[in-house]
Amino acid sequence: MRHPREMGHAEVVAFLDFLARERRVSASTQNQALNAIVFLYKRVLSMEVGAEGFQRAHQGKRIPIVLTRGEIASLLAELRPPYALMAELLYGSGLRLLECVRLRVKDVDFGSRQLVVRAGKGAQDRVTLLPERSRPALERQIRRVAQLHRQDLSRGYGEVDLPYALGVKMSAASRELPWQYLFPSSETSRDRRSGRLVRHHVHPTALQKAVRRAGAQAELTKRVNCHALRHSFATHLLETGTDIRMIQVLLGHRDVRTTMIYTHVAARGPLGVLSPLDRTV
């Protein structure tokens, strides 16, 4: 056991090599360890430490998990409100987990049949599809949110956290219905910044657990998680002939090469190629 001040480049490289060779961690885990070490030395100890020359963990290509349309239907049938609607939006709109739970009432645009995703990955806004099948359930959900909000206001609550500095610029907005979360938590909690009681959104782990449990109840043999629904959204659009650049926009990918991974999992096999055995009469 030695203090970090007594160590330097050689020890850092040895540790990062150990993670790659002995622990066989992923590239992202190794990068996280490197960032933590650099932060420790630069921000806490005010020292410069070199971290060059170590063995990089192997970054393998991962094929996304994609469910068939039948598997999607079986999964959704096992879910109950509000998780059934949330899972519908993960699949029907291609949302990420956090993008779904952070939706607010104002982000649902029935007139234009679209959902507005605010500050998605990379702090980028975008619009995506609003499935017509989900419209009745969304209308019911908004009515439930409005009723809950009225009850909160009558009890002296009814506030919600606002992003960035909007709480200062638009202080009254935190008590308005459009800013309320579409999938609110069942309990109020104290906001860490203002100290006020607010109603936050459903915790992401609640939806994750519901989807995994539904997959087990539907007896699906694939590893079911929330991101598999987003993968299925992109793959099924590709199979029906949607332009890959349009899929890129809907998913919020910066580079079309990220979207290209779905060409490997289309229903007709890798890269959409049909096996010669299936052509045999």
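The values are calculated or read from the model by the stated rules, or taken from the named source; none is laboratory data. Remember, it's a predicted structure, so these values are computed and weren't measured experimentally. Virtual Cβ from ideal backbone geometry, glycine too; neighbours counted across all protein chains shown.
Being free of Cβ contacts under 8 Å to residues at least 60 places away in the same chain and not acidic (Asp, Glu) is the filter here; which residues of the range 86-102 pass it?
Matches in the range 86-102: 89 only.
Scanning the range 227-273 for residues that are assigned to a helix (DSSP H, G or I), polar (S, T, N, Q) and either more than 16 Å from residue 94 (Cα to Cα) or modelled with pLDDT under 90 (or both) yields 258, 259, 263.
What number of residues in the range 102-125 are closer than 12 Å to residue 252 by Cα and either surrounded by fewer than 20 Cβ atoms within 10 Å (Cβ to Cβ) or touching a Cys at 6+ places or on another chain (Cβ under 7 Å) (or both)?
Adding up the residues that qualify gives 9.
Total residues in the range 194-208 satisfying the condition of being more than 18 Å from the chain's Cα centre (by Cα) and either surrounded by 13 or more Cβ atoms within 10 Å (Cβ to Cβ) or among the hydroxyl-bearing types (Ser, Thr, Tyr) (or both): the figure is 5. Among the residues of the range 103-124, those that are out of contact with any Phe, Trp or Tyr (no Cβ under 9 Å at 6 or more places or on another chain) and in contact (Cβ under 8 Å) with a residue 60 or more places away in the chain comprise 107, 108, 117, 120, 121, 122, 124. Taking the listed residues 13, 105, the one that is of a type in the set (Val, Ile, Thr) and more than 23 Å from the chain's Cα centre (by Cα) is 13, with no other qualifying.
Checked against (1) surrounded by 11 or more Cβ atoms within 10 Å (Cβ to Cβ); (2) free of Cβ contacts under 8 Å to residues at least 60 places away in the same chain; (3) under 30 Å from residue 233 (Cβ atoms); (4) not hydrophobic (A, V, I, L, M, F, W, C), residue 181 passes all but a single condition, namely (2). Pairing each residue of the range 219-232 that is without any contact (Cβ under 8 Å) to a residue 40 or more places away in the chain and over 20 Å from residue 260 (Cα atoms) with any residue that is acidic (Asp, Glu) and in a loop (DSSP other than H, G, I, E, B), provided the two are 6+ apart or on different chains, yields no C-beta distance under 8 Å.
With respect to the stated conditions, residue 77 fails to be closer than 30 Å to residue 252 by Cα, under 21 Å from the mean Cα position of the chain (by Cα), surrounded by fewer than 19 Cβ atoms within 10 Å (Cβ to Cβ) and at pLDDT 90 or above.
Of all the criteria given as (1) crowded, with 16+ Cβ neighbours inside 10 Å; (2) under 30 Å from residue 218 (Cα atoms), the one not satisfied by residue 69 is (1).
Residue 158 meets the conditions (1) of a type in the set (Gly, Ala, Ser); (2) in a loop (DSSP other than H, G, I, E, B); (3) loosely packed, with under 15 Cβ neighbours inside 10 Å in every case but one. The failed one is (3).
Only residues that are surrounded by 11 or more Cβ atoms within 10 Å (Cβ to Cβ) and within 24 Å of the chain's Cα centre (by Cα) were counted in the range 161-173, giving 4. Just to be sure I understand, how many residues within the range 209-226 are assigned to a helix (DSSP H, G or I) and either surrounded by 15 or more Cβ atoms within 10 Å (Cβ to Cβ) or modelled with pLDDT under 95 (or both)? Qualifying residue count for the region: 5.
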